[in-house]
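A short write-up of the structure that comes next.
Each value in this text was obtained by applying a stated rule to the coordinates, not by laboratory testing. Being a predicted model, the structure only gives us computed values, none of them experimental. Here Cβ is always computed from backbone atoms with ideal geometry, including for glycine, and neighbour counts include all displayed protein chains.
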Amino acid sequence: MGRRMSKQRKAEHLAGSPLFHVALRLLAVMFLVGSLAIAGFTIPKTLREIRGADHWPTTTGRITKSSTGRYVDSDSLNDVWLVQYVYAVEGQRYTHDRYSGPLNTPDDPLDTYPRGEDVEVRYDPDHPQRAFIGPGPTWVNVLVWAWVVVAGPAVGVFCWKLSRDIAKAHAGGT
């Protein structure tokens, strides 16, 4: 029991530390600003593509590179696709590598998009350099980013309030 009190005293001492409050508030701001910034950059693009995917014009492109690769993220090994293609809009040639669709497909890109194969490319008529191949983005993409928009600020607000409540409790207890 004495050991438990020791840990409790250490926690109380840490909670009263100005450095703890600064760190907690910094964490709160990072979650708030970070999640909103991420959402601000990605949600409009995804929504634009969802709305435009069915209405954007198409052109025929050609696969110039099709391969798989691996990278380590945190502690996991991930497979990635690299499918590069060229296409032309009004005589202007573009090179792109954006695939839009499910990434957990069992198909191998080497089979689905072999080098030299013609492919349908959807492009933004106002900005033809924005294009993709594949079935296009889905509302699942928006839901994932909406979760970032909701969860990030919620964690930020929680950290901010926790810092405030601990400061009040510590001020009242001493």
Self-check item: Virtual spin-label span in nm between LEU47 and THR59, 7 Å along Cα→Cβ
Solution: 2.8
Practice problem: Using label points projected 7 Å from each Cα along Cα→Cβ, tell me how many nm separate LEU143 and GLN129, to one decimal. | Solution: 3.4
Quiz prompt | Approximate spin-label separation HIS170-ARG98, in nm, with each point projected 7 Å along Cα-to-Cβ | solution = 4.7
